[in-house]
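Here the structure comes first, spelled out in structure tokens, and everything after it is commentary.
Just so you know, all these numbers are worked out from the coordinates, no wet-lab data involved. Since this is a predicted model, take the numbers as computed values, not measurements. Cβ: placed from backbone, ideal geometry, glycine included. Neighbour counts: every protein chain shown.
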Amino acid sequence: MSNDLSWETSVTKIEPNKIQLRGYPIDELMGKVPFPSAVYLALKGELPDAKIGRLMDIMLVSSVDHGATPPSTLTARTVASTGAPLNACIAAGILAINKFHGGAIENCMRFVKEVVMTADEKNMSLEATALEMVKEKREKKQVIQGFGHRVHTKDPRTAKLLDAAEEAGVSGRYIEAMKAVQAAIHEVIGKNLPINVDGAIGGILCELDFPPELANAFFIMARVPGLVAQIYEEQTTMKPMRKIHPTDHHYVGPENRHVD
């Protein structure tokens, strides 16, 4: 007799004294597989090689925090100021990650995929296709996300990400298309809008064949530790129910430290 409530999952198998993620015992992964590689395993179903694992690590570290001004951080700190518990503050911050904050990765992925697909269908170069599509976006007054930054004229994370993609052997047509779009934007609007961290991550996720629907997940996974730090600082050093100015603050932490 069939059971209409029965369903299947291929992610995790749980038995007495046994936990398997995509078939691998968790206790065997512990200490052997870095967390970013475990994330890849959970999402893709297979363990990455060492170079892809390092690339995953670099992507997640790149977005761990970006100060107190992003909407997710301001939201989380505001909720923390009300006396809400940690989970509510984190949830509030994550809920602020959306179309215009964090969502740039998905927007960028969809656009760059369209550029590559159109170039292949029309048998055109990526440069010519990007120029045509950027002009079309300009005429429709639509924003192409993943380029330019409200703070940085040259995002320091982008070069590191693109170099890591090259070292991992995954710098292909999507990243080439990203560079073609950057050049096209400069030609169409006369401004240099470099690929930013969201654009670099978007291009890499395309190369790694992740679906655009998971783009925001990478921003969320990366940003949670930063949100926790911001929330705890708010809860332990600030007065409750204060007026939080988005820009009138100054940094008082350690200065100019470097990793050996």
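Observations, loosely collected:
- Projecting the Cα atoms of Gly190, Thr236, Val116 onto the charge dipole of region 115-260 (Cβ charges, centred on the Cα centre) puts Thr236 farthest toward the positive pole.
- FRET efficiency, 1/(1 + (r/R0)^6) with R0 51 Å, evaluated for Ser6 and Glu136 via beta carbons: 0.55
- Partner lysines for Lys141 [C-alpha distance under 18 Å; skip if fewer than 8 residues away on the same chain]: Lys99, Lys191
- Student exercise, the chain dipole from Lys, Arg, Asp, Glu Cβ charges, in Debye to nearest 20: 880 debye
- Of the options (i) 19.2; (ii) 18.8; (iii) 20.6, only one is Kirkwood radius over Cα pairs in Å as computed from these coordinates, and that is (iii).
- Among Leu227, Thr82, Ala104 - extreme Cα towards positive end, dipole of the chain, charges at beta-carbon: Thr82
- Fewest-first ordering of Thr237, Thr75, Thr129 by other beta carbons within 10 Å of each residue's beta carbon gives Thr237, Thr75, Thr129.
- Debye, to nearest 20: dipole size of region 79-128, +1 on Lys, Arg Cβ, -1 on Asp, Glu Cβ: 200 debye
- Gap separating the Cα centres of region 128-182 and region 1-80, nearest whole Å: 27 Å
- For the chain, the membrane-span-like helices by this rule, meaning whole DSSP H stretches whose C-alpha atoms cover at least 30 Å of axis and whose Kyte-Doolittle mean is 0.0 or above, are 215-237; this says nothing about an actual membrane.
- The magnitude of the dipole of region 84-221, with charges of +1 and -1 set on the Cβ of Lys/Arg and Asp/Glu and taken from the Cα centre, is near 620 debye.
- Label-point gap, in nm, between Thr69 and Ile14 - each point 7 angstrom along Cα→Cβ: 4.4 nm
- With at most 15 other Cβ atoms within 10 Å, longest stretch of the chain clear of loop GluC sites (Glu not before Pro) (DSSP): 47-254
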